[in-house]
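The values are calculated or read from the model by the stated rules, or taken from the named source; none is laboratory data. Bear in mind that the values here come from a model prediction, so they are computed numbers and not experimental data. No Cβ is skipped: glycine too gets one built from the backbone with ideal geometry, and neighbour counts run over all protein chains shown. Protein only, heavy atoms only, side chains kept; ligands, DNA and RNA dropped before computing areas. Shrake-Rupley method; radii C 1.70, N 1.55, O 1.52, S 1.80 Å.
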Amino acid sequence: MTGEHGMIKIALCDDEPGELSRMEDLIRQYFGARPDLTARLAAFSSGNELLKQAEDTGGFDLYVLDVIMPQLSGIDLGVKLRELGDDAPILYLTTSPDYAVDSYLAQAFYYLLKPPDPARLYEVLDRATALLQKRKAASVPVKTKGGLRLVSLDELLYAELVGRAARYYLAGGETVNGMTLQGSFGAAMEPLLGDPRFVLCGSSFAVNLHYVTAVGKGELTIRGGRRIPLSRSLSDGVRKRWAAYWLNGGNKPC
């Protein structure tokens, strides 16, 4: 996830009002000292409340979660966010170091003990925002029913025209369904085609050459065995692009 128009959307969740307020102040102070970053902070006192918001709006770019909360713990909340396909960094805060191992269940970005040292917290926020900026630089925005979604070019196998919408297939098995296109599929794929890894295969497919394993006269094969139809008139050009990509060392995803 990434915020619209360069905005970093942050969700903070803690069931203790004092802790919630303290963390709000620290995070606002951090972004107040970073004129190069624009952020929107949403504070929640319940994990279920945050989860519903994420389900309704498509989630946030960064989560700062208390671990020990009633009803839905921070760990369980993180796992549910991952099940929704949310890959945003999660920073856990807790008074006990006993949950550090559990935090890996939600693929935690970092784990800090309460009360966090401001300098240490800001160091972690530096790392998180740098990651988000890197993802944004190598991603394309996709409008979905759940809101704006940034799709990582590193993870994108290919895009396909399905009906009047573009569907994006990711390396981890997830698919992202875009909204109905207002123009042509080719026009919608221009942000992808600006990256040397991607090639348009006819009027319905845009493919990441990094994941192509074979190019035949009537089709190409994507890692995992998926076959993409390819007209004979395009086969030679796509094969040359694929060979040139690897001869130049490839642009291996991070």
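Values computed for the structure shown
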quantity	calculated
Subset tally (residues that are touching a Leu at 6+ places or on another chain (Cβ under 8 Å) and touching a residue at least 40 places away in the same chain (Cβ under 8 Å)) for the stretch 202-223	9
The one condition in (1) open to solvent by 60 Å² or more (accessible area, probe 1.4 Å); (2) modelled with pLDDT under 90; (3) closer than 30 Å to ASP15 by Cα that GLU155 fails to fulfil	(3)
So GLN53, is it open to solvent by 30 Å² or more (accessible area, probe 1.4 Å) and at pLDDT below 95	yes
Residue in the stretch 110-123 that is assigned to a strand (DSSP E or B), under 14 Å from the mean Cα position of the chain (by Cα), free of Cβ contacts under 8 Å to residues at least 40 places away in the same chain and closer than 24 Å to GLU83 by Cβ present	no
Residue count for the stretch 178-206, restricted to those that are of a type in the set (Gly, Ala, Ser), touching an Asp or Glu at 6+ places or on another chain (Cβ under 9 Å) and either exposed (fewer than 13 other Cβ atoms within 10 Å of the Cβ) or assigned to a strand (DSSP E or B) (or both)	1
Filter result for the condition that a residue is at pLDDT below 80, among the polar types (S, T, N, Q) and surrounded by 17 or more Cβ atoms within 10 Å (Cβ to Cβ), over SER96, SER103	SER103
Residues within the stretch 74-93 that are crowded, with 22+ Cβ neighbours inside 10 Å and among the β-branched types (Val, Ile, Thr), tallied	2
